[in-house]
Protein chains: 2
Amino acid sequence: MHRSVHNNETLDRTFFALSDPTRRGILERLGGGPATIGELAEPFGLTLNGVKKHVGILEEVDLVITAKVGRARECRLGPAQLEAATGWIDDYRRTWERRLDRFGAYVEKIR
Amino acid sequence: MHRSVHNNETLDRTFFALSDPTRRGILERLGGGPATIGELAEPFGLTLNGVKKHVGILEEVDLVITAKVGRARECRLGPAQLEAATGWIDDYRRTWERRLDRFGAYVEKIR
């Protein structure tokens, strides 16, 4: 596995951002189109400050971008493509499969 | 996106388990073969209790399994294949690309 990857702070924060069902819900909602902080608050039963906090965590890792539109703040999906996250998981799966192959070979041998 | 997925507690806990560089490091180390709690403590500069805490979080989501071997507790990669995590990310990327296509079409139109 890539040694460099496991000290990657963006990776930490990306996985953390995805670990909350409300934050994943906000991303799913924004997949349908932009929304203001106020429009996100109601369906999730959150206060404006609650939404702002979640959006801030998503914004930090480029999963969301926001812009002032009149008196509202509009949120939309950001440029993050989650390459680091999928890259780490893919590496992990390859290691896992290699271990499984080795275990299979061992079982064959002791049969 | 799958509505059912975003209330998935295992998904929350899996992303949370992966959000820590020490926990990812432990998984990378176990990719090379099983290790006891004591063997994991030294390279990561952790106490036995520190390792136990991280291993417990990984064990909860089947990323690690542990077994008592003599007086030690041996850790190895668990059966979790991270399907839910990669499934969510794949769905997200598809939505993201769809939005990008729509934006491209819009740019074409206003040209």
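A compact table of results
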| read-out | value |
| --- | --- |
| Condition met for A:ILE89 (assigned to a helix (DSSP H, G or I) and surrounded by 15 or more Cβ atoms within 10 Å (Cβ to Cβ)) | yes |
| Matching residues, the stretch B:81-104, being more than 9 Å from every other protein chain (Cβ to nearest Cβ) and either in contact (Cβ under 8 Å) with a residue 24 or more places away in the chain or touching a Ser or Thr at 6+ places or on another chain (Cβ under 8 Å) (or both) | B:ALA84, B:GLY87 |
| Considering residues of the stretch B:67-85 that are within 17 Å of the chain's Cα centre (by Cα) and at pLDDT 90 or above only, the residue surrounded by the most Cβ atoms within 10 Å (Cβ to Cβ) | B:CYS75 |
| Residues being assigned to a helix (DSSP H, G or I) and at the interface with chain B (Cβ under 7 Å from one of its Cβ atoms) - total across the stretch A:18-35 | 6 |
| Filter result for A:VAL107 (away from chain B (no Cβ under 14 Å), assigned to a helix (DSSP H, G or I) and at pLDDT 90 or above) | no |
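The values are calculated or read from the model by the stated rules, or taken from the named source; none is laboratory data. Bear in mind the structure is a predicted one, so any value in this text is a computation, not a measurement. Glycine gets a Cβ as well: all are built from the backbone with ideal geometry, and neighbour counts include every protein chain shown.
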